[in-house]
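The values are calculated or read from the model by the stated rules, or taken from the named source; none is laboratory data. Just so you know, these numbers come straight off a predicted model, no measurement behind them. Methodologically, a virtual Cβ is constructed for each residue, glycine included, from the backbone with ideal geometry; neighbour enumeration extends over all protein chains shown. Just the protein is used for accessible areas: all its heavy atoms, side chains included, with ligands, DNA and RNA removed. Shrake-Rupley method; radii C 1.70, N 1.55, O 1.52, S 1.80 Å.
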Amino acid sequence: MDQENVNGSIHPYRNIWIDIYKHPEIVTYFNQNTENSSIQLIKTIQLSINGNSSDEKNQLFIDKFKSIFSTIYFTRLNINCKNISIEQFVEIIHLLPNLDSLKVSYLPTIQLDWLFDNDGETCFTTSIKNKITKVNLVKMIDIEQIHLLLYLYRRIQYFQIDLPVDMDPQMIFEEFGVVGDKSRSGRPSKLSKRKLTRLKRLTDQKTGISLRQIAPKFDINISTLSRHLTAMVPTRARRLYRTLLNGNFELVMDDEKYFLLHNESIPANRGFYTSDPSAAQPEVKFKRTQKFEPKILVWIAISEKGISTPFFSKQQQAVTQKTYLNECIKARLVPFIEKYHNKKKVLFWPDLARSHYGLKVIEYLDENSIHFVPQQKNPQNCPQARPIETLWSILEQMVYAGGWQAKNINALKRRISKKINELDIKVVQTMFSDI
């Protein structure tokens with residue numbers, strides 16, 4: 001368009017801004033969630049306007065082509081406001097009531113007072129009956145320009161802005177109240193501290209509680225309620241952790257392990273090597289194993305200060321209460337504690353074997369003022385929390401290193417004793433520091 005002529009053309013165009021008609025899922029959303037009938041799938045007619053060099057010429061252009069604006073069903077406007085005043089921009093929008101998309105460049109700088117009348121109401125919100133839902137702002141300079149468009153076009157559902165590098169998008173939306181966290185659907189996955197306190201009051205020390213009846217009071221699913229109740233009941237590991245965290249203890253723990261004459265779990269002890277498998281002798285290819293192989297039980301106690309004297313037993317069965325009390329506690333554990341620790345500060349963490357919590361064992365520990373972890377607080381299946389379990393793995397690697405095999409129990413016993421003495425105390429201290 002110019003001042004004298006209107007030139008039109010029909011041709012494919014290269015879309016350089018939002019085109020929701022290429023996205024069916026967006027179209028469906030707009031059709032279902034807006035009252036704007038122009039959003040429906042209609043032919044797109046785009047109007048592009050570049051301003052003249054003066055306001056007078058621009059106004060002549062507007063007055064001359066008012067009838068064309070109202071006759072043609074324009075749905076898109078691409079306007080360059082570099083030479084167009086804000087008043088003329090608003091007037092053009094007012095003359096195009098069927099617009100649903102707007103692209104504007106170089107919007108003029110305005111004063112915020114221009115938007116409001118004496119009563120504090122916006123001047124153009126009610127006067128401009130536009131249907132614009134998609135806006136693309138290009139070459140924005142001041143936040144007041146964005147302020148204007150956000151107030152003029154209250155139906156915006158798609159907003160694209162070409163912001164300067166030094167302008168924060170989140171700041172813009174938060175300032176104008178456009179972005180807000182709506183109430184979420186579904187039930188909350190977490191409860192507040194106040195609701196957790198209420199839940200504890202309703203369920204603590206009570207029987208016959210129906211989760212199905214309680215769940216509606218907190219507006220949560222039964223599974224979520226069950227998870228919260230489970231978390232409120234301390235597990236053994238949590239109880240012990242709180243005990244260790246709240247007290248100034250010197251931790252001592254013990255455990256036992258069986259060692260065989262050979263260990264097939266060590267990679268170096270598996271398989272055989274040969275250049276010709278068919279020529280390998282049967283005694284190399286095959287190895288007889290016993291149903292009950294000779295083995296030796298090893299017991300030790302450890303702390304940050306060191307490792308106790310080991311106890312060896314050739315018996316096939318587990319350690320009995322009598323053997324554990326006499327050979328482990330009295331003969332080795334108590335001397336180890338008295339040598340390296342202050343007995344009043346010691347917390348003994350025994351293995352969870354039944355013999356370790358025998359009645360006579362507990363009575364002896366109480367008589368000798370040795371604090372120990374009660375059975376109800378001793379976590380089961382928690383090897384990662386007990387450094388002695390890691391120590392057994394290290395010792396096993398050392399004993400069977402290089403494919404070593406013992407010829408008899410006595411040789412195995414000497415080998416284990418030697419490797420225990422070779423253990424680096426710094427390794428033990430590091431493991432205790434990680435508890």
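A few points about this structure:
- Entries in LYS305/LYS339; LYS257/LYS426; LYS257/LYS418 that, when Cα-Cα distance is taken, lie over 18 Å: LYS257/LYS426
- Counting charges near HIS228 (Lys, Arg +1; Asp, Glu -1) among other residues having Cβ under 10 Å from its Cβ returns a value of +4.
- Surface listing: THR323, THR430 arranged by accessible area from highest to lowest gives THR430, THR323, probe 1.4 Å.
- Global size of the stretch 343-435: 16.5, 46 Å for Rg and Dmax (C-alpha atoms, Rg to one decimal, Dmax whole).
- When the P(r) of the stretch 193-237 is calculated, the portion above 16 Å amounts to 32% of the C-alpha pairs.
- Charge tally around THR320: other residues with Cβ under 15 Å, Lys/Arg +1 each, Asp/Glu -1 each, net +2.
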